[in-house]
Structures are given as structure tokens and as C-alpha cells.
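Scroll down for the structure; my scribbles are underneath it.
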Amino acid sequence: MKSNIQTGIKAGDVMARNFVSVKPETSLLAAVDLMVKKRVGSLIIEEKGILKGIITEKDVMWALSKKRDLSDVKVIDISTRKITTIRPSADIYDAVRTMRKSKYRRLPVVIKKQVIGILTLKDILRIQPELFELAREGFEQKEVGNMMKEGICDKCEKLDLLYNLNGQLLCDQCRNN
């Protein structure tokens, strides 16, 4: 697909405006309860409307694998803080390209760091299934290349569960710094 393709559909037209959010100091246990109650796979972490992070089911699974007490862990401590965002005026074709490049299936929609919604790959494909092939190409690689495994972190050299981030094997702490 050529990079100048536009669908005419904007991220702001497709995004969910009723996203679920928590404060950075929220316990992971409270966050999990909220995810189950609201039936969502991710939570936006914000403070006074400003985006601070995002936490997903995979982050929760990581914490569980570490056998951590979820009531003692703050969501901000295990969240993804290097967040890829999108503007509401962006075309959804560009949103899929951004998702593919960043390997994230959810993008917070922001105006001047204020979260106004969340755009998911699922929502985009529901209204524009023609973008499936573009999305699939990027995420097939992620499923194979980004799985956690135990080893030595390339950055801090500690033994831990590792994530493949742009070809580097990083522990959770180094991946978020």
C-alpha cells in the first residue's frame, strides 16, 4: 500500500470517547478489578487529564508472572510510559501505519497531552476492513518477536524476563526508561 493513501475517516470519528482511566497511584489490584468490571483490555493512566501511561492485560500478566502482590504495585510502576499517541484529525490509514510501526494496537487520542479518547485497531477494522492486510503485516512480526523470555538485559545486564524492543532484549524497567 502506498503511504499517501487516505480514507477520509479521522481518528476522532472512530475513537472511543468513554475510555476508562485511573490515576498513577492506583493499585494494580484495583486496576484489574476495574478492567474486569468495565470489560476493557487497557486503562489510560492520567493525572488531571494529562496522559501519564497506559496499562494493558499483558502488563498485568507480566506482574502476575513475577508473583507480585497486586495490591502493593502501583499501575504507573509497570505501565508503558513511552506512549505513541495520535491526533483526532489523523486519518485512520495513518493510525494503522502508526500502530504497525509502534507495535501497539491501542493509541490514546490527544490534544496538547490531554486524552480525549482511545483508538483501537479493532475499532478501525470494524469500519474499514480493507486496512486488515496493512495491520496484519506488522502485528504478525510482533507476536513472534516481542514474546517475553528469561535472560540477561542488554542495558542493565540483570537476569529478568525480557522484551524484544527494536532488536534489544530489555527488562521491564529498562524498557520503560
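The values are calculated or read from the model by the stated rules, or taken from the named source; none is laboratory data. Note that the structure is a prediction, hence the values are computed from the model and not measured. Positions of Cβ are generated from backbone atoms using ideal geometry, with glycine treated the same way; all protein chains shown enter the neighbour counts.
In region 125-177, the qualifying residues are those that are modelled with pLDDT of 75 or more and basic (Lys, Arg), and the one that is nearest to Met61 (Cα to Cα) is Arg175. All conditions but one from (1) acidic (Asp, Glu); (2) closer than 27 Å to Glu133 by Cα; (3) crowded, with 18+ Cβ neighbours inside 10 Å apply to Glu46; the one that does not is (2).
Conditions tested, residue by residue: (1) under 10 Å from the mean Cα position of the chain (by Cα); (2) part of a loop (DSSP other than H, G, I, E, B); (3) buried (at least 20 other Cβ atoms within 10 Å of the Cβ).
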position: Lys52; (1), (2), (3): no, no, yes
position: Leu64; (1), (2), (3): no, no, no
position: Asp72; (1), (2), (3): no, yes, no
position: Lys82; (1), (2), (3): yes, yes, no
position: Tyr93; (1), (2), (3): no, no, yes
position: Val109; (1), (2), (3): no, no, yes
position: Val115; (1), (2), (3): no, no, yes
position: Ile124; (1), (2), (3): no, no, yes
position: Leu131; (1), (2), (3): no, no, yes
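Any residue that is farther than 22 Å from Leu161 by Cβ, of a type in the set (A, V, I, L, M, F, W, C) and in contact with a Ser or Thr (Cβ under 6 Å, 6 or more places away or on another chain) - is there at least one of those in region 97-105? Looking for residues that are farther than 22 Å from Leu161 by Cβ, of a type in the set (A, V, I, L, M, F, W, C) and in contact with a Ser or Thr (Cβ under 6 Å, 6 or more places away or on another chain), one finds none in region 97-105, hence no.
Summed over region 16-25, residues that are part of a loop (DSSP other than H, G, I, E, B) and either modelled with pLDDT of 95 or more or at positive phi (or both) total 4. Checking each residue of region 32-39 against the condition of being closer than 19 Å to Ile83 by Cα, buried (at least 18 other Cβ atoms within 10 Å of the Cβ) and not small (Gly, Ala, Ser) gives no match. Give the residues of region 31-81 that are among the acidic types (Asp, Glu) and touching a Ser or Thr at 6+ places or on another chain (Cβ under 6 Å), sorted by residue number. Listed by number, the list holds a single entry, Glu46.
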